[in-house]
Amino acid sequence: MSKQEILINISGINRVYYDTTGKTTVALQDVDLDIRKGEFITFIGPSGCGKTTLLRLIAGLDSPQSGVVSIEGQPIEKPGYERGFVFQQAALFPWKTVEENIAIGLKARKVFKEKKQYIKDYIDLIGLTGFEKAYPHEISGGMAQRVAIARALINEPKVLLLDEPLGALDAFTRIELQTTIRRIWKKTGTTIVLVTHDVDEAVFLSDRIAIMTARPGRISEVITVNLKPERDRNDDEFIILRRRVLEKLELAGKHWSSRLIDPLEQPSISGVGEAI
Amino acid sequence: MTKRITKKSEPETGHVEYWKPQSGWWYISAVISVLVALGVDTLVPDSQFVNTLPYRVFLEIFITTLIVLWVISFKANSLRKILYHQAQFIFAVGIALTVWDLLSTKSNILQLPFFPGPAQIISVIVSERETFLISSYYSLRLFSVGLILGTILGISTGILIGWYQQWYYWLFPILKVIGIIPSIAWIPIAVVVFPNSFIAGLFLIVIASWFPVAFMVSVGIASTPKVYYEAALTLGANERFLLTNVAIPNAVPDIFTGLTTATGFSFLTLIVSEMIGAKAGLGWYINWAKTWSAYDKVYASIVIMAIVFSIILAVLNSTRNYVLRWKKGISK
Ligand SMILES: Nc1ncnc2c1ncn2[C@@H]1O[C@H](COP(=O)(O)OP(=O)(O)O)[C@@H](O)[C@H]1O
Ligand SMILES: [Mg+2]
């Protein structure tokens, strides 16, 4: 693993937000990270620690005050289809059917004619056969996220960026989709960067987990997940690792939990009851 | 009494609940009430000099249609629901026609020429049908050319204003100030500036439809959620694609809102401008009939207008429902 090629290099990133009242928020401070080709890496941390900001920097939807994010050595300046992005609220185009949403990337890149036969493959891949002609308002939240993933994947991106795609879903749908995401990752071999605050999800899906702390946002530690490829949530090693991630998060949380923070913003600790 | 409670889940437009009686009695009563209207017209002697034949034929067609639909509805449940829902209303129409006929043609309590009865109005529609057809044709021609031109201009300027800051800076204040002036205020100027009444009327209708459409389109474009742009950008979109495939589709519901307002304004403008300058059209005809005190013709024109404008609105509405079928709450 360690010998693997670097796909994305993040170095010396600082991102400060200035709002209209003059208040400044240090969303990211001195963040360095290498993302390897083909790996599944997860950013985990409490709300407001800069996960989305970091993901948007990779996508090119935002730019840092200092530091560089580069992909295959090229600095990232603007968004592009080789960095697919899935938003928390799916952001499907409501006026397009499932099929048309998936085809958007092909149309935008003007390769629709040559590649339209693949649309069906991606609908199969995400398990939405039979819903091709449905409009977004007619499908469930979980299905919408599946479409959003297929819509990004059809461009065969170098990296797929997932910003809490399962955050708004119920527990059952979430687990179902985690399995789908893992299957897709294995099948396509795409590098995936996932943002979540669900420890269980992070351990289930990732090769590596980057733990983030808030105010200022930084990466405090990167944990390598050495579990067997067929992951089992009830496996002892799985449970031990989940507890370790949780401890790190709590430790990281000490830096900010003394300040006034909405308890709802704490990281989710699903499944922790049986772990401890 | 059942109040009309708008549930949160109920769509704003389109689909209507048929909540009226399930029983067939109201429908039978409706047929009977129209039969009574026919009976009164046939049996009670006239006290005005009116050709009541067209009215009688009209009532006979009305009754036949009701019965035919009723028979068909034994096979089509959705039609049955609509018929039963409308039954009380049709019943009331039958009663109203009977009373009106009795008060006018039959007893001369409502006197000609100012208060004609239903028989007189229908007889005028039939005898003047060519004039009405030609007038409707002229009105429709002016209306549709004007509305189409105004909509094209409205959509184009709306896109420019909603998308480009420069255009917004220069055009939006003008739109805001000129847009609130009722188009008929331009009549004196239009009459002087334009070579004939058709062009003048056209100008007024274009003005009437341009601004509401432009305003709504610019709002629709500018209110496109940022996340749609971002999603498109990460899928490989360029600036042009964002405009044509994100912002404009997002503004389509607002285009229809603007178009509905524009249609209403255009009806008003059409009739007023025809009344004032034109030599043809329903507005001209109604004014001409008035100067001859031919009030039966005035009422007849109003009936024709109601029919023509309702058809236009119905076409607009079903186009809208079809185009916006992707929206929640619009029935397919
Ligand atoms: N556009 C913005 N303007 C001002 N502050 C922002 C903006 N976006 C994010 N922030 C702030 O930056 C911090 C990090 O935000 P974000 O990256 O969204 O966190 P996360 O995704 O981990 O919850 C938060 O404190 C947030 O309030
Ligand atoms: Mg976030």
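The values are calculated or read from the model by the stated rules, or taken from the named source; none is laboratory data. All figures in this text were calculated on a predicted structure; none of them were measured in a lab. Every residue, glycine as well, gets a Cβ built from its backbone with ideal geometry; the counts of neighbours run over all protein chains shown. Ligands, DNA and RNA are excluded from the accessible area calculation, which covers all protein heavy atoms including side chains. Shrake-Rupley method; radii C 1.70, N 1.55, O 1.52, S 1.80 Å.
Of note:
- For the stretch B:129-327, with +1 on Lys and Arg beta carbons and -1 on Asp and Glu, the positive-most of B:225, B:286, B:206 along the dipole: B:286
- Added length on full extension, which subtracts the Cα-Cα distance from 0.36 nm per residue, residue B:111 to residue B:194: 25.6 nm
- Unsatisfied cross-links (Cα-Cα over 30 Å) in the set B:176/B:290; A:186/B:327; A:115/B:327; A:186/B:328; A:133/B:20; A:78/A:116: B:176/B:290; A:186/B:327; A:186/B:328; A:133/B:20
- Reported to the nearest whole Å, the Cα centre-to-centre distance from the stretch B:280-321 to the stretch A:110-133 is 51.
- Cα convex hull volume per residue for the stretch B:129-327 (Å³): 124
- Spatial offset of the stretch A:173-244 relative to the stretch A:1-78 amounts to 19 Å, using the alpha carbon center of each.
- Calculated FRET efficiency for the pair residue B:164/residue A:243, C-beta based, R₀ 51 Å, to 0.05: 0.35
- Calculated FRET value between residue A:236 and residue A:82, using beta carbons and R₀ = 41 Å, to 0.05: 0.55
- Given in Å, the Rg to one decimal and the Dmax to the nearest whole number for the Cα atoms of chain A are 18.6, 57.
- The solvent-accessible area of residue A:30, taken with every protein chain present and a 1.4 Å probe, is close to 90 Å².
- FRET E, pair residue A:227, residue A:37, Förster distance 25 Å, beta-carbon r, rounded to 0.05: 0.75
- Neighbourhood charge, 14 Å Cβ-Cβ cut-off, centred on residue B:24 and excluding it, Lys, Arg +1 and Asp, Glu -1: +3
- Summing Lys and Arg as +1 and Asp and Glu as -1 over all other residues whose Cβ lies under 12 Å from the Cβ of residue A:30 gives a net charge of +1.
- The alpha-carbon of residue A:248 sits under 21 angstrom from the alpha-carbons of these lysines, leaving out residues fewer than 8 places away in its chain: A:51.
- The loop-placed trypsin sites (Lys or Arg not before Pro) in the stretch A:95-187, going by DSSP, that have at most 12 neighbouring Cβ atoms within 10 Å of their Cβ come out as A:110, A:133.
- Between helix B:282-291 and chain B: long-axis angle, C-alpha atoms, 0 to 90°, nearest 10: 50
- Here the accessible area of the stretch B:10-127 is 72 percent carbon and sulfur, with a 1.4 angstrom probe and all protein chains present.
- The loop-placed GluC sites (Glu not before Pro) in the stretch A:68-152, going by DSSP, that have at most 12 neighbouring Cβ atoms within 10 Å of their Cβ come out as A:72, A:77.
- Of the solvent-accessible surface of the stretch B:129-327, computed with a 1.4 Å probe and all protein chains present, 72% belongs to carbon and sulfur.
- You can think of it this way: the chain between residue A:250 and residue A:65 has 63.7 nm of extra reach, that is 0.36 nm per residue less the Cα-Cα gap.
- Shown here for the stretch A:1-84: trypsin sites (Lys or Arg not before Pro) in loop regions (DSSP other than H, G, I, E, B) with at most 12 other Cβ atoms within 10 Å, namely A:3, A:23.
- Cα long-axis angle, helix B:25-43 against chain B (0 to 90 degrees, to the nearest 10): 60
- Computed over the protein assembly as shown, the quotient of the alpha carbon radius of gyration and 2.2 N^0.38 Å is 1.35.
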